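Below: the structure, in structure tokens.
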Amino acid sequence: MNTALPYEKLTLLENYGHSLRAPAYLYQPAQVDEIGDIFRFAKQNGLTVTLRGAGRSYNDAALNGGGIVLDLRPVNRILAWDPATGLLQAEPGVTLQQVWQTVLPDGWWPPVVSGTMFTTLGGCLGMNIHGKNNFRMGTLGEHVMEFAILLPTGATLTCSPKKNGDLFRANIGGMGMLGVFTSITLQMKRVHSGLLQVEAWNVPDIKTHLHELEARQDEADYLVGWMDCTASGQGLGRGQLHQANYLSEGADPDARRTMQVGYQTLPARFFGLLPKSILHHCMAPFMNDLGVRITNTVKYLIGRHKSYRQPHTAFHFLLDYIPDWELAYGRGGLIQYQSFIPKETALEIWTEMLGLSQRRGLPSYLGVTKRHRPDNFLLTHAVDGYSLALDFKVTAGKRARLAAMLQEFDRIALEAGGRFYFAKNSETTPETAVRFLGEETVAKFRSLKKRCDPHNLLESDLYRRVFGDA
Amino acid sequence: MSDTKPLPPRATPLQPRRRAIIVGASIGIGAAMARRLALEGYTLALLARQEEMLRGLCAEINTQFNETRAIAYAHDVTDYDSVPALLQRILSDLGGLDLFIYNAGISLPVGLKKFDFEKDHRTIETNLLGALAWLNPVAAMFQSLRSGQIVGLSSVAGERGRVGNPAYNASKAALSCYLEALRNRLSRYGVNVLTVKPGFVDTAMIKDTKGTFWVIPADQAAKDICRAIRKRRQELYTPARWRWVMFIVRNIPSVIFRRLIF
């Protein structure tokens, strides 16, 4: 006989884009030991469990409607830090903010970071995040020396590239569907300053945009492009590129100071006056087709070739620069569609996608490009090519048309050998997943799932959507 | 309990899905509500004792939309103890809950000169205690989530105690009162409670009843209820003219009312 779960644990959880909500029984274990009890409890009650970190996925990755969500943020101890070797051992709820604040004063920086510092290590590895340096440093998973994992069966395992290698490659990027990271050992990257040398310049069209991403990859440590997706005709795909490089030893005379946490703290006020917490309200009136077109045009026209030094945090964590920026998209929130296209066909594919979105009157309000390299993780999203992440505002009137357009995008991308990222796209179907991952890969993941989680205790709305009932 | 495979698809940002439970869904207003809500895009958990009819209704809806949009759960509302676990299971099967409709109800008239505790007991069990068994956990759930809508099918019959069907009148009066109290408790949490008071609706319940008038088809009542749900109204008379009729009936002095034989 089932015993009903406590209703006061029921919480309406959201995705990062505020475009999807699902109720779940929210459990927040304070330590790793409690996780096993929750698995047993879920099994007794016939419920599934989803792992959640900071909830920074744009889709349904950390949602589990009607099930249990395990919020691992309280499991956030840094277990060991060795400034001599740059090895950090931490629990899954530790955020990138905790990591950089621990390691930077000693002259290290996380090898790969997301656009926000509030993501947790467990979440980052569950999705195998990439940064603006993917072409050079790969994904975060490539810097994991070892991790310990608790399986839903109660067993614990240690995995590294050499030990339990198949589980190592499947659990990183495995959407938290095989087990729970309980301890993660990461190699940090040595830095000699708290500053980066940044260069910014405009690119007039998509061809130049991609050409420059290609040409700069040998000299850049980080590369990222902003794309004005409202520009058409000759200016299609125009935008601004940012390149950043680490400073070499001795290049920053004040390195000791710039590497301090206080120096890196993002300012709380804009121009020293306006509290940033109200900025998203100021952005909201511009979050419509006309407003974005004007803002983008102005941003492009005033863009000049610039070279300057900037703290790591200011360059990397743009999403944190305006607190709650995603609320500016209004009640329907936003979705992000990111496609990873091989370098040979990216120009043609994105020209087609951008043209399609403009013809249908559904322009993306923000486009971001990056250069990528392949990796050997089982559910990898990376290609030897580029990614374009497109933000779309969700409104009741646009939903059906957007859904139809994203299906077209999937078809176009798949024909070009494109891939997708499970932390972002919200409409990926099982057919699309099988097409880009390959049947063999999906079968292998399913077989590992069966081995690690024979009772299918770990399931998220994302997993059910993409891998369905099998 | 019915099998639930395959489960309905979950919502995505571009394909949002509202989810509803209808208790008492196999025939009458419940079945008509199910068809209408499915058309509005709801994913449904349909509950009733009559499993076969329920399965037929689910099959009809799922075939119409070419996806699992309705799931059948065989359930007797007087099996109070099974409710919390069943609610938990439905929440997990649907992936959430936005709307709860309690439509189970029976009418067991006794003769004008007869008294029958057994019939009264059954009436109160289905119409009132079954409702309380569901409304308590559903209210607790919606209160925690700070969202949701509850619909209770009461009746104009709950507005006065009449000679023909005392237990039915009492059960609906108590249900209306309970729903009002729930509304007062839950509105501060963003939860809406709608009390529906139909007049005579063309269902099995009134087929042996004499002296009916203004009888409307079940689908007409369902249409009115769906509109009231969309508008998040608190009270609905269907058809609307019953509001004024009941205003008069409520105000008939007892000295006259007790001499009437309806």
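The values are calculated or read from the model by the stated rules, or taken from the named source; none is laboratory data. All of these numbers come straight from a predicted model, not from anything done at the bench. Here Cβ is always computed from backbone atoms with ideal geometry, including for glycine, and neighbour counts include all displayed protein chains. When the accessible area is computed, the model is the full protein with side chains, heavy atoms only, and any ligands, DNA or RNA have been set aside. Shrake-Rupley method; radii C 1.70, N 1.55, O 1.52, S 1.80 Å.
Here are a few things to note about the model shown:
- Three-way shape call for segment B:19-257 based on the alpha-carbon gyration tensor, with the a/c threshold at 1.5: prolate
- Taking the convex hull of the alpha carbon positions in segment A:78-190 and averaging its projected area over all directions gives 6.6 nm².
- Taking label positions 7 Å along the Cα-Cβ direction at both A:I302 and A:D254, the computed distance is 2.6 nm, reported to one decimal.
- Charged-residue dipole, Cβ positions (Lys, Arg, Asp, Glu), chain B about Cα centre, Debye nearest 20: 1100 debye
- Inter-chain shielding of B:172-184 (mean C-beta neighbours from other protein chains, 10 Å cut-off): 0
- Compared with the dominant principal axis of the Cα atoms in chain B, helix B:166-186 is inclined by about 50°.
- Volume in Å³ per residue [convex hull over Cα atoms, computed for segment A:184-304]: 186 Å³
- Take each residue of peptide B:82-91, count the partner chain Cβ atoms within 10 Å of its Cβ, and average: the result is 5.
- Taking 0.36 nm per residue of sequence separation and removing the Cα-Cα distance, the A:A30/A:I78 pair yields an extension gain of 15.9 nm.
- Sequence of A:I294, B:I216 when ordered by accessible area, the most exposed leading, probe 1.4 angstrom: A:I294, B:I216
- Shape call, segment B:1-98: gyration tensor on alpha carbons, a/c limit 1.5: oblate
- With 18 Å as the limit on Cα-Cα distance, the pairs of A:K370/A:K393; A:K207/A:K343; A:K132/A:K189; A:K132/A:K444 that go past it are A:K370/A:K393; A:K132/A:K444.
- Chain B - accessible surface per residue (Å², probe 1.4 Å): 46 Å²
- Residues of segment B:5-20 buried by at least 40 Å² on assembly (accessible area, 1.4 Å probe, chain alone as reference): B:R10, B:T12, B:P13, B:L14
- Residue-span extension gain [A:F271 to A:L12] - 0.36 nm each, minus C-alpha spacing: 89.6 nm
- Between A:A404, A:G361, A:S426, the Cα set farthest toward the positive side of the dipole of segment A:360-470 (charges on each charged residue's Cβ, about the Cα centre) is that of A:G361.
- Selection from A:G235, A:L210, A:H281 lying farthest towards where the dipole of the protein assembly as shown points positive, charges on Cβ: A:H281
- Across all Cα pairs in segment A:370-470, the calculated P(r) in 10 Å bins from zero up to the longest distance comes to 12, 43, 32, 13, 0 percent per bin.
- Computed in the context of the full set of protein chains, the accessible area of chain A at 1.4 Å probe radius has 53% of its extent on carbon or sulfur.
- For B:R19, the solvent-accessible surface computed with a 1.4 Å probe is close to 20 Å², ligands and nucleic acids excluded.
- Within segment A:375-398: backbone nitrogen closer than 11 Å to the A:M287 label point (7 Å, Cα to C-beta): A:392-395
- Antiparallel bridges, percent of DSSP beta bridges restricted to the protein assembly as shown (to nearest 5): 65 percent
- For peptide A:64-71, the mean count of partner chain Cβ atoms within 10 Å of a residue's Cβ comes to 4.
- Per-residue accessible area (protein heavy atoms, 1.4 Å probe) orders A:F286, A:F315 as A:F286, A:F315, starting from the largest.
- The protein assembly as shown - Debye-derived log10 I(q)/I(0), Cα point model, q = 0.11 Å⁻¹: -1.15
- Interface A-B: total buried accessible area of about 2200 Å², 1.4 Å probe, protein heavy atoms only.
- The label-point distance for B:E67 and B:I124, in a model that sets each label 7 Å from Cα toward Cβ, rounds to 4.6 nm.
- Label positions at A:Y321 and B:T78, each projected 7 Å from the Cα along the C-beta direction, are separated by 6.9 nm.
- Within the accessible area of segment B:19-257 (1.4 Å probe), percent carbon and sulfur: 53 percent
- Debye, to nearest 20: dipole size of the protein assembly as shown, +1 on Lys, Arg Cβ, -1 on Asp, Glu Cβ: 2580 debye
- Tensor-based shape of segment A:232-368 (alpha-carbon gyration tensor, a/c under 1.5 rounded, otherwise prolate or oblate): oblate
- At an R0 of 30 angstrom, the distance between the Cβ atoms of A:T85 and A:A215 translates into a FRET efficiency of 0.30.
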